[in-house]
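Report on the following structure.
The values are calculated or read from the model by the stated rules, or taken from the named source; none is laboratory data. Owing to the predicted nature of the structure, the values given are computational and were not obtained by experimental measurement. Reconstructed Cβ throughout: ideal geometry from the backbone, glycine too, with neighbour counts over all protein chains shown. Please note that ligands, DNA and RNA were not included when accessible areas were found on the heavy atoms of the full protein model with its side chains. Shrake-Rupley method; radii C 1.70, N 1.55, O 1.52, S 1.80 Å.
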Amino acid sequence: MKYDLSKISRLDLDNLLQPLEELKNCLICPRNCGVDRFSRKLGYCRSDASFYISSICIHRGEEPPISGKNGICNVFFGHCNLQCIYCQNIQISTNRNRSAAHRMSLKHVLEEILNCLNAGCESVGFVSPSHFVPQFKVIVNALHQMDIHPVIVYNTNGYDKVETLREIESLVDVYLPDFKYIDPLLAKVYSDSSDYPEIAKSALCEMYKQKGSTLLLDENGQAVRGILVRHLVLPGHIENSKGVLKYISEEISTSLKISLMSQYHPTPRVIDVEPINRLLSENEYQEVIHAFNEYGFRNGWIQEMDSSNNYRPDFDQEHPFEY
Ligand code: SF4
């Protein structure tokens, strides 16, 4: 089905933009800054009330049920409420420097999304949305107002408030959260968030409460409802990875689908930071896969060891994942 872009001009914008009011006293993520994002005084994420987006493009490199047969239309927000020192998307996620993102009008955002849907995408993924939840609501509500209902994927770092997740329950079809750390010290040193483990645990429990453990697929194998948890195995920190898996197996469910990622690649910023200044070794990855099986997980995705060469986007390019 081809969507008619002229529908965008008939949207009731005043009504649609209402969720942005929340940004006048921003408490939408666990940083709880309480700033007015319409003013010049910004919070931890250095993000204002605009649609600050670095790229809207078709991405085929996600897990097969997320990409689907035609790729997913991914909306990459700029900045982040975590500042992981090893982030592969540093061009767009850094809050310090000018990032490779720009302010877009809602009309432009919707046009780009409809272009991707018209090219065959059946799902729309919002990448790093935790600090842009009101804008996320506006975009999804606008699609629904036009009677357009793609699969909505909330692709998050896991640093989300439970209250915020409850507000978006009816808008999200598939949660795609990271669960990065069980170790608060690692969370503090690498992501400036010693409370990450507790926040991510609560967030994942809430997602599980909303969607259960079944990742529902359509006839083409594309995820249409559920949760897929991602965990990036960091070199030198396999005990952290095992701890994440242990927690999920004991406190949530071994039926949850897990994507165990070996794709870590050190960026120039961590070249002197041991032990994350190197690639993951095969032995380390195998040990984590062994733990995955030992804890009783049976469903998930693992990567080839050379995957570290395949996931280094360049957001200065129009198509960041094609190189
Ligand atoms: S979204 Fe940004 S401004 Fe709002 S609480 Fe989180 S870090 Fe602070």
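Observations, loosely collected:
- Sorting ILE199, ILE28 by solvent-accessible area of protein heavy atoms yields ILE199, ILE28, largest first, with a 1.4 Å probe.
- Each residue was assigned an accessible area with a 1.4 Å probe, and for ARG230 the value is about 30 Å².
- Note on ASN277 and GLU304: with the Förster distance fixed at 35 Å, the Cβ-Cβ geometry gives a FRET efficiency of about 0.95.
- Charge dipole (Cα centre; +1 on Lys/Arg Cβ, -1 on Asp/Glu Cβ; no other charges) of region 30-137 amounts to roughly 500 debye.
- Region 103-171: C-alpha pair distances exceeding 14 Å, %: 61
- Extension gain, GLN145-SER6: 0.36 nm per intervening residue step, less the Cα-Cα distance, totals 48.7 nm.
- Average accessible surface for region 10-93: 42 Å² per residue, computed with a 1.4 Å probe over protein heavy atoms with every protein chain in place.
- The SER39 and ASN220 beta-carbon pair, evaluated with R₀ = 45 Å, returns a calculated FRET efficiency of approximately 0.45.
- Region 1-66: radius of gyration and largest Cα-Cα distance (Dmax), Å: 16.5, 44
- Low-density loop cleavage sites - GluC sites (Glu not before Pro) in region 233-268, where at most 14 other Cβ are within 10 Å (DSSP): none
- Dipole of region 30-83, positive end: most advanced residue of GLY61, SER39, VAL75 [Cβ charges, Cα centre]: SER39
- Shape of region 52-148, Cα gyration tensor, a/c cut at 1.5: oblate
- The accessible surface of region 11-105, taken with every protein chain in place and a 1.4 Å probe, is 49 percent carbon and sulfur.
- Assuming charge only on the beta carbon of Lys and Arg (+1) and of Asp and Glu (-1), the dipole of the chain about its Cα centre is about 660 debye to the nearest 20.
- Contact order relative to length of region 23-309, as percent, for alpha carbon pairs under 8 angstrom and 6 or more apart: 15
- The accessible area of ARG269, taken with all protein chains in place and a 1.4 Å probe, comes to roughly 120 Å².
- Reach of LYS211 by Cα under 18 Å, taken over lysines that are not fewer than 8 positions away in the same chain: LYS161, LYS201, LYS257
- Dipole orientation for region 203-312: of the candidates SER253, SER281, GLY300, SER253 has the Cα lying most toward the positive pole (charges on Cβ; Lys, Arg +1; Asp, Glu -1).
- Of the trypsin sites (Lys or Arg not before Pro) in region 74-143, those whose Cβ has at most 12 other Cβ within 10 Å and which sit in DSSP loop: ARG96, ARG98
- When all alpha carbon pairs of region 147-195 are counted in 10 Å bins from zero, the resulting P(r) reads 23, 41, 26, 8, 2 %.
- Largest accessible area first, the residues LYS24, LYS211, LYS41 order themselves as LYS41, LYS24, LYS211 under a 1.4 Å probe with ligands, DNA and RNA left out.
- Selected from LEU20, MET1, ASN157, residue furthest toward positive end of dipole (the chain; charges at beta carbon): LEU20
- FRET E, pair GLU163, GLU250, Förster distance 30 Å, beta-carbon r, rounded to 0.05: 0.75
- Region 23-309 - convex hull of the alpha-carbon atoms, volume per residue in Å³: 123
- Using heavy atoms of the protein chains and a probe of 1.4 Å, the accessible area assigned to THR254 is about 50 Å².
- Fraction of antiparallel bridges per DSSP, the chain only, in percent to nearest 5: 35
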